[in-house]
Amino acid sequence: MNKNQDNKPNNATRLLDNEPVGKTVQVVRVMGDGAFRQRLLEMGFVRGAKVTVLKNAPLKDPVEYMIMGSHISLRHSEAAQIEVTDQNAEFCDMEDAFNGIVETEVAGVDPMADNVLRVVLVGNPNCGKTSLFNNVTGAKEKVGNYGGVTVDSKEGWFSIDGRKVQLVDLPGTYSLTEYSPEEMYVRTYIRDNHPDAILNIVDAGNLERNLYLTTQIMDMNIPMVVALNMWDELEKSGDKLDIEMMSRLLGARMVPLTAYNGHGVKDVLKATMEAIDESEQETLHHNVNYGTLIEDSLKELGDMCPELDRYTVLKVIENDQHAIHLLDGKDNADEVKKTAADLRQRIERDYNDDIVSIITDLKYGFVRGALAEALTPNPERSTGETKPGYSMDRLLTNRWLALPILLVLMWLMFEATFTLGAYPQEWIESGIGWIGEWIGKAMPDGILRDLIVDGIIGGVGGVLVFLPQILILFFFISLLEDSGYMARAAFIVDRVMHRVGLHGKSFIPYLIGFGCGVPAIMATRTLENRRDRLVTILTVPFMSCSARLPAYLLLVAAFFTANQGLILMSIYLIGILVAALTAILMSKTFLKHDKTQFVMELPPYRKPTARNATIHMWSKGKQYLQKMATIILAASIIVWALGYFPRHDGQTPQEQIENSYMGKMGKAIEPIVEPLGFNWQMGVSVLTGAAAKEIVVSTMGVLYTGEADATEESTSLKEKLQTATKPNGEHVFNPIIAYSFMLFILLYFPCIAALAAIKREAGWKWVAFEVVYTTGVAWLVSFIFYQTAIRL
Ligand code: GDP
Ligand code: MG
C-alpha cells in the first residue's frame, strides 16, 4: 500500500488525467493536500470508487467524469492529482467498512423553549431544497438547475396541526467541513440557531454522494428526517430502493418526495413533526459506527469535553482548525489538544493513511454498505453508462457543435429580445402617447400639466416601453438556468475563462449579469476562491444589464437601419471583451492568479417548467415596475424640475432649458464629454443615469420633450432624437455619436444598486475602485472610438 507521504505514483497505478475517454478506473488515492483534496474526497473520489472518463470539453480542457452517478468537470491539472488503477475485484472491499450504527443517548429538550419551532433544510446543491421550501411556505424563491442558486438563508412559515413552524432554506453544501463559504454558513447557522430538526434533502438518484452529508448531520445529534427527493427520477431510472431497510440501516426516518410537484410533502412534514415531538424525551440517537479504534477515541476525547457534540469531537480528532478553535478558553484545552493529537497519530498509524481520508473512506464505506443492501440498480444499465437526463449532452457539449450552439443561443436570446419585444413595445408606446396627448388637451396650461406630461409621462413612459424586452430577456435566462444548460456553458468556456485567470464557473454570474448585476454579484458566492470572486464581482458590471437595454434599443432603432441585432450584440461583446481584459490585467497585477481549483458538477438536464419561468419573469417584471414607480419616477421629476426652473418669460423652450439649472450643470460638464461627441444633454443624461441606467433614457425623454413644439406633441422620443439639431444646424446625433454614447453607457459607473451589492460582498475600498475604474475605462473607450471614427 502507498504511503501518503510519497507523492509519486507507483508502477501499478496511473494518473487519472492520462486515461482515455470511455475508460472506467478505480481511485487509489488523491494526492496533494488542503481544501481541494478534501473537496475531491467528499465528492466521492475515495479509495475504490469507480470513475468513468466521459468526454473532453470542446477546447480539450476540462474533462467530464462520472463518479457515483454524478457528472463532474475537472481540469487536466486537477485530474493529475488523482491516482487510479484498473478495475480490480480486490478493491471492491468497501462494504467491509460497514459497521452499522452506534447509538448515543441524547437528553430530552423542549422544542418550544425559544418560542419557535424551527426546521432547517440542509442538502447538496441542486437537490431541490428551494423547490420544497416554495411548496411548503408558498414563497416564490428562485429555483435553478445548477449548484449554488441559493446563497443566503430564506425564512418562511407553515402550519401543521395548528402549530406554526419556521422553515429555513439554507445554501446547498456537499459537506460541513467549513472550507467554503456555504459550508461555513450552514455549519454556523446550525450551531448558533439550534434548529429543532434538520430536514435533510437528498437527491434519491444520487444517494451515495448525497448521504455523505447525511452522515455528518447524524453526528450532530439533532433530530433529523431524510427526504428522498427527485423520487420521480429514481422511479424513471428503474432503480429500486427499499426505504424501510434503508431507514433501519441508517437509523433515520426517510420519506420519498417529489418536491417540484408536491408529492410526499405532507408525509415529510409529518415525519419532521414526529421527530421533534420525540426529542422532548430522552432519545437514542443514531451515529455512524467508525469501528472500535475510532469509537474508543471518540469516547475518550468526548469524556474530556462533554459539552461538545460528537460531530465536533470527531473534527477535533481530524485536526480541523475551526473545531479546535472552539476549545479556546477551556481549562483543559491544551490537554484536549494533546490527547487529540495522540489519538490521531494512533489512528493514522493503524490505517496507514491520513486522518481526513480515513474518516471520509469510513463514511463512504458506511453509505455504500447500506446501499449495497437496500438499493437495486436497474439491471439493464451497466457501469459507466450515464443515467437518463444526460443524453442532450451528445449534442450540447459535442466537440464540434458545442461552441457554435452556445453562440447561436446567445444570439437568439438577443435577437428575440429585440424583434419579439418590438411588437408589444409599439402598443405600449402608442398607449402612452395617447394618454399624454389626452392629458395635455384635458388639462389647463400650467406647471402641473407640464409636470405630468413632460416630467412623469415623458420620463417614466420613455422607460416603461421597454418592459416587454426585459421580460423576454429574463425569460430566456430562466430557461437556461432551469434546463441545466448554465453548467454546460461553464464547462464549454472553462478553457477560455482560464485564459483570463478565472474558472468556467464564473461564466454563470456573467450570464446572469446580462439580466441584472445585483443577483449576478450575489451569484459569485458560489466561487470558493476569494480572488476569483473579487475579479468576477469587479468585472460583472461590464456585462450589459437589462437596465442599459432601453438606451441601446432607442439609439439603435433611431440611428441604424440595417443589422440592428448585430449592432446590439456588438455592444454586448465589447462589454465581454473589456471584462476579459480587465480580468487579465487584475490577474497580472494586484489580484495575482493563484491556482484556482474547484469541482463543478453538471446536473442532469431537466425540462424547464413554464410555471418556474413565469414566476421568474413576473418577479423581475414586478421589480422593474417598482423601480419605475419609485426611483425612476422620482428621478424624472427631479430632472424635469431642474430643467423647468428658474422660469424666464418670453423664452423659447430651447432657451428655457439651456438657462435652467440643468442646462447650467450640463454646460459645466460639457468640456469633459465633448471629446466623446456628446452634447450637454447627453452629459446630463449619463450623470442622472448613475442612479439607475434606465434614467439615461428617461432624462432624455424629459430634456427632449421640452424641445417639441405644440403640433408635435405626440412624436416619439426616437423621432425627436433623429431630428434634434444643434444651434449651428448640425444634427445632435449621428450613428458615430450614437455608438460612442452606447459605449459610454455600457461601461461607465455601475448603478447604485450594483455598488451596494459590491459593498456587501467586497467592501468600500472596492466600491471606490470600481467607480473610478469603470468611468475611466468608459471615457477612454468612447474617446478612442469617437476620435478614430470621425477621422475615417
Ligand atoms: P436547491 O439548489 O437544492 O435549492 O434546488 P432547487 O429547488 O433550486 O431545484 C434544483 C432543480 O431540481 C430545479 O431545476 C428543480 O426544478 C428540480 N427539482 C426539484 N425537485 C424535483 C423533483 O422532485 N423532481 C425532479 N425531477 N426535479 C426536481
Ligand atoms: Mg436553492
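Some observations on this one:
- Per residue accessible area in Å² of the chain, where ligands, DNA and RNA are left out and the probe is 1.4 Å: 42 Å²
- DSSP-defined beta bridges in region 193-292 - what % are antiparallel, rounded to 5: 10 percent
- Per-atom-type breakdown for the chain gives carbon and sulfur 58% of the accessible area (1.4 Å probe, protein chains only).
- Over 19 Å between alpha carbons, listed pairs Lys266/Lys363; Lys315/Lys337; Lys667/Lys726; Lys23/Lys55; Lys60/Lys505; Lys142/Lys620: Lys266/Lys363
- Accessible area per residue was computed with a 1.4 Å probe on protein heavy atoms; Val599 scores about 10 Å².
- Summing charges over all other residues whose Cβ lies under 14 Å from the Cβ of Leu396, with Lys and Arg as +1 and Asp and Glu as -1, gives +3.
- Per-residue extension of 0.36 nm, minus the Cα-Cα distance of Ile576 and Ile736, leaves a gain of 55.5 nm for this segment.
- Rounded if a/c under 1.5, otherwise prolate or oblate - region 669-792, Cα gyration tensor axes: oblate
- Taking the Cα centre of region 334-387 as reference, the dipole from Cβ charges on Lys and Arg (+1) and Asp and Glu (-1) amounts to some 100 debye.
- Antiparallel bridge percentage (DSSP; both residues within the chain; nearest 5): 65 percent
- Spacing of the modelled spin labels on Ala422 and Glu300, each 7 Å from Cα toward Cβ, amounts to 7.9 nm.
- For the chain, the dipole from Cβ point charges (+1 on Lys and Arg, -1 on Asp and Glu) about the Cα centre works out to 2420 debye, to the nearest 20.
- Kirkwood radius, region 542-581, all distinct C-alpha pairs, inverse of mean reciprocal distance: 10.5 Å.
- Over the residues of the chain, the helix contribution to mean residue ellipticity at 222 nm works out to -16500 deg cm²/dmol, using -39500 (n - 2.57) for each DSSP H run of at least 4.
- Just so you know, the Rg over Rh for region 147-293 is 0.94, from Cα atoms, with Rh as the Kirkwood radius.
- Rg of the Cα atoms in the chain, relative to 2.2 N^0.38 Å, amounts to 1.09.
- Within the full protein context, the accessible area of Thr539 is estimated at about 0 Å² for a probe radius of 1.4 Å.
- The solvent-accessible area of Trp618, taken with every protein chain present and a 1.4 Å probe, is close to 140 Å².
- Extreme residue, positive dipole direction of the chain, given options Tyr179, Met112, Leu293 (C-beta unit charges): Tyr179
- Subtracting the Cα-Cα distance of Asp350 and Leu401 from 0.36 nm times their residue separation leaves 13.2 nm of extension gain.
- Net +/- balance of residues flanking Phe749 in space, Cβ distance below 13 Å, scoring K and R +1, D and E -1: +1
- Sequence of Lys236, Lys664 when ordered by accessible area, the most exposed leading, probe 1.4 angstrom: Lys236, Lys664
- When the chain is described by a simple charge dipole with +1 on each Lys and Arg Cβ and -1 on each Asp and Glu Cβ, the residue from Ser546, Leu54, Ser506 located farthest towards its positive end is Ser546.
- Just so you know, the Cα atoms of region 519-595 work out to an Rg and Dmax of 15.6, 47 Å.
- Chain lengthening between Met443 and Arg530 when straightened (0.36 nm per residue, less Cα-Cα): 25.5 nm
- Taking a span of 30 Å or more along the helix axis (Cα atoms) and a mean Kyte-Doolittle hydropathy of at least -0.5 as the rule, the DSSP H helices of the chain that qualify are 402-442, 564-588, 764-791.
The values are calculated or read from the model by the stated rules, or taken from the named source; none is laboratory data. Everything numeric here is computed off the predicted structure, so don't read it as measured data. Neighbour counts run over all protein chains shown; Cβ positions are idealised from the backbone, glycine included. These accessible areas exclude ligands, DNA and RNA; they are computed on the full protein's heavy atoms, side chains included. Shrake-Rupley method; radii C 1.70, N 1.55, O 1.52, S 1.80 Å.
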